[in-house]
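The values are calculated or read from the model by the stated rules, or taken from the named source; none is laboratory data. Note that the structure is a prediction, hence the values are computed from the model and not measured. Neighbour counts are summed over all protein chains in view; Cβ atoms, including those assigned to glycine, are modelled from backbone coordinates with ideal geometry.
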Amino acid sequence: MTLARHLRELLALTRGQKNLRVLAASGALATVASGALNPLLPGYLQSRGLDLQRIGLVFTVASLVPIVAQPALGALSDRASRKHLVVGLSLASALLLLAFPLLTGAVALGLVIALRLTLARAEEPVSSAMVADIAPPTQRATSFALLDSVTQLAYVASLLASSALVALLGVTGVFAAGSVLLATAALLLLRLKETPPARRDTPRVSWRETWRGVMTPWVSLRHKRGAAPLFAYQLFLSFALALYPLYVPLFALQLGAPQTMIGPLIAASWLVFALLQPAGGRLSDRTAGRKGVATLGLWGMVACSALLGLCGLLPRPHALWALAAAWVLLAVPDALFRPAAQALVVELAPEGERGQLFGALGSVGSLAGAVAPLAYGVVATRASLGAAFLVSSACFVLALVALLRLDEPAPVPLPNPEPQR
């Protein structure tokens with residue numbers, strides 16, 4: 001019933017806006033493919049001879065290369081078609097997925113996986129800028145929230161169906177089906193109607209300046225007011241969030257959770273987040289300032305992350321139940337924070353420089369994503385897993401300080417439904 005309500009709300013929001021419907025359908029298809037493949041991938045890599053150290057190296061390489069690739073593609077998208085860039089990168093990623101079952105050597109498989117992950121991550125700032133160009137200004141946070149909600153519900157459903165799909169299609173069949181879904185999602189984006197934005201009327205940026213922006217993303221934006229706190233916000237937020245994909249399952253196992261409980265535990269938080277996110281988007285669009293809503297949500301994330309860290313001090317089995325409650329509770333402030341923060345960042349980005357700014361922010365996020373697992377591993381080894389969550393909470397506080405220093409632009413007034421007299 002809730003999914004049906006979300007779909008009805010999305011259809012109402014996108015009435016007369018074909019582009020948003022295309023984005024929703026494409027995102028849902030791509031997410032179904034990712035949800036089916038993600039639980040399968042670690043075991044598949046180990047079965048092909050990649051040990052944990054090599055798997056870690058693959059993901060580290062995939063995080064390092066976008067530090068350079070994201071600013072380059074983001075800047076390029078300010079002068080070219082974002083749609084065609086996203087479609088090309090997505091199709092290449094889908095074709096690489098077909099190669100997985102054909103490769104027998106561990107090294108070749110690792111290189112192809114690293115290349116595919118790199119392409120997917122390099123595409124992110126271009127895709128974000130494309131969505132920002134399309135979302136209506138008066139309902140920007142609501143649009144982001146509903147699009148994310150639909151894709152996350154699809155992700156939860158595909159996660160839960162992953163085992164059944166492997167039993168039905170086999171490992172090779174799941175890879176083939178995932179490739180077809182990703183290719184279909186990419187080709188569907190060709191139906192987007194791109195309006196030539198103001199960015200193409202701006203002076204062309206030389207490749208020398210673009211290269212300087214690639215090497216040090218803040219150089220090309222250093223004279224922009226508010227750029228420093230925005231980069232600091234992205235750095236600390238990405239560093240804080242990098243903890244959860246790996247260490248929540250490990251912490252739950254350490255506290256006595258059976259392996260079969262891990263999937264439902266992770267899915268429960270994502271489900272709550274998906275269901276509540278549209279409410280957070282509507283609240284952001286209907287209040288005077290997005291920064292206030294984002295700040296409130298981020299304070300809640302600080303508290304929930306600290307609660308997760310303190311769970312290790314409790315006796316069993318109370319520690320595990322406290323972990324589950326804090327992890328699911330984290331989804332509530334996150335659903336409040338995320339759409340407001342996304343809309344705020346878009347409104348801080350000049351229309352003609354969205355790709356460049358998102359590429360630079362993505363580069364900073366990739367840097368944090370490469371360093372954070374190593375740092376959290378040191379903290380977990382020398383102190384405890386709970387201490388790693390306390391470090392994450394401290395990073396949320398630093399992100400909050402940077403967020404408070406951002407200069408929020410004037411809100412776009414909501415259209416008045418009453419006829420003028």
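Whether any residue in the stretch 121-133 is touching a residue at least 12 places away in the same chain (Cβ under 8 Å) and over 17 Å from the mean Cα position of the chain (by Cα) is what I want to check. Lay out the reasoning, then the answer.
Initial filter on the stretch 121-133 (touching a residue at least 12 places away in the same chain (Cβ under 8 Å)): 121-133.
Still in the running and over 17 Å from the mean Cα position of the chain (by Cα): 133.
Yes - at least one qualifying residue is present in the stretch 121-133.
Looking at the stretch 175-189, which of its residues are of a type in the set (Ser, Thr, Tyr) and within 16 Å of Asn19 (Cβ to Cβ)? Before you say what the answer is, go through the steps one by one.
Taking the stretch 175-189 first, the residues of a type in the set (Ser, Thr, Tyr) are 179, 184.
Selection gives nothing.
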Task: Single unsatisfied condition, Val166 versus (1) over 19 Å from the mean Cα position of the chain (by Cα); (2) of a type outside the set (Gly, Ala, Ser); (3) modelled with pLDDT under 80; (4) farther than 18 Å from Gly35 by Cβ - done: (4)
TODO: Show the residue pairs that are 6+ apart or on different chains and have beta-carbon atoms under 8 Å apart, the first residue being within the stretch 77-88 and small (Gly, Ala, Ser), the second being surrounded by 15 or more Cβ atoms within 10 Å (Cβ to Cβ).
DONE: Ser77/Leu85; Ser77/Pro125; Ser77/Val126; Ser77/Ala129; Ser77/Met130; Ser77/Gly355; Ser77/Gly359
Open item on the list: Going residue by residue through the stretch 119-128, is there one that turns out to be at pLDDT below 80 and among the hydrophobic types (A, V, I, L, M, F, W, C)?
Closed with: no
TODO: Report yes if Trp321 is touching a helix residue (DSSP H, G or I) at 6+ places or on another chain (Cβ under 6 Å), assigned to a helix (DSSP H, G or I), within 24 Å of Tyr376 (Cα to Cα) and among the aromatic types (Phe, Trp, Tyr), otherwise no.
DONE: no
TODO: Return only the number of the condition from (1) closer than 30 Å to Asp334 by Cα; (2) surrounded by 18 or more Cβ atoms within 10 Å (Cβ to Cβ); (3) at pLDDT below 85; (4) not aliphatic (A, V, I, L, M) that Pro245 does not satisfy.
DONE: (2)
TODO: Determine, yes or no, whether Ser93 is modelled with pLDDT under 80, in contact with a Leu (Cβ under 7 Å, 6 or more places away or on another chain) and of a type outside the set (Lys, Arg).
DONE: no
TODO: Of the conditions (1) at pLDDT 85 or above; (2) out of contact with any Pro (no Cβ under 8 Å at 6 or more places or on another chain), Gly281 clears all except one; give me its number.
DONE: (2)
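Per-residue answers, yes or no, for (1) surrounded by fewer than 21 Cβ atoms within 10 Å (Cβ to Cβ); (2) at positive phi; (3) modelled with pLDDT of 80 or more; (4) in contact with an Asp or Glu (Cβ under 8 Å, 6 or more places away or on another chain):
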residue: Val61; (1), (2), (3), (4): yes, no, no, no
residue: Leu64; (1), (2), (3), (4): yes, no, no, no
residue: Ala80; (1), (2), (3), (4): yes, no, no, no
residue: Leu85; (1), (2), (3), (4): no, no, yes, yes
residue: Leu97; (1), (2), (3), (4): no, no, yes, no
residue: Thr104; (1), (2), (3), (4): yes, no, no, no
residue: Ala114; (1), (2), (3), (4): yes, no, yes, no
Task: Residue list for the stretch 278-307, filter: of a type in the set (S, T, N, Q) and over 12 Å from Leu404 (Cα atoms) - done: Ser284, Thr287, Ser305
Open item on the list: For Ser158, only one of the following conditions fails: (1) assigned to a helix (DSSP H, G or I); (2) surrounded by fewer than 22 Cβ atoms within 10 Å (Cβ to Cβ); (3) at pLDDT 75 or above. What is its number?
Closed with: (2)
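Scan the stretch 285-292 and tell me whether some residue there is surrounded by 22 or more Cβ atoms within 10 Å (Cβ to Cβ) and either in contact with a Leu (Cβ under 9 Å, 6 or more places away or on another chain) or modelled with pLDDT of 90 or more (or both).
Here is the first cut: in the stretch 285-292, the residues surrounded by 22 or more Cβ atoms within 10 Å (Cβ to Cβ) are 285, 290.
Now drop any that are not either in contact with a Leu (Cβ under 9 Å, 6 or more places away or on another chain) or modelled with pLDDT of 90 or more (or both), which leaves 285, 290.
Taking every residue of the stretch 285-292 in turn, at least one turns out to be surrounded by 22 or more Cβ atoms within 10 Å (Cβ to Cβ) and either in contact with a Leu (Cβ under 9 Å, 6 or more places away or on another chain) or modelled with pLDDT of 90 or more (or both).
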Task: Test: Leu275 is in contact (Cβ under 8 Å) with a residue 40 or more places away in the chain and more than 19 Å from the chain's Cα centre (by Cα) - done: no
- [ ] Look at Ala360 and say whether it is under 16 Å from the mean Cα position of the chain (by Cα), at pLDDT below 90, under 30 Å from Arg79 (Cβ atoms) and buried (at least 24 other Cβ atoms within 10 Å of the Cβ).
- [x] yes
Open item on the list: Whether any residue in the stretch 120-134 is among the small types (Gly, Ala, Ser), in contact with a Leu (Cβ under 9 Å, 6 or more places away or on another chain), assigned to a helix (DSSP H, G or I) and under 21 Å from Ala176 (Cβ atoms) is what I want to check.
Closed with: yes
Open item on the list: Suppose we filter Ala268, Ala257, Ala279 for residues that are part of a helix (DSSP H, G or I) and either farther than 20 Å from Ala343 by Cβ or touching a helix residue (DSSP H, G or I) at 6+ places or on another chain (Cβ under 6 Å) (or both); which single one remains?
Closed with: Ala268
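Of the residues Ala343, Ala335, only one is within 24 Å of Arg282 (Cβ to Cβ), modelled with pLDDT of 90 or more, touching a Phe, Trp or Tyr at 6+ places or on another chain (Cβ under 8 Å) and buried (at least 19 other Cβ atoms within 10 Å of the Cβ); which?
Details: Ala343 fails: modelled with pLDDT of 90 or more.
None of the others qualify; the one that does is Ala335.
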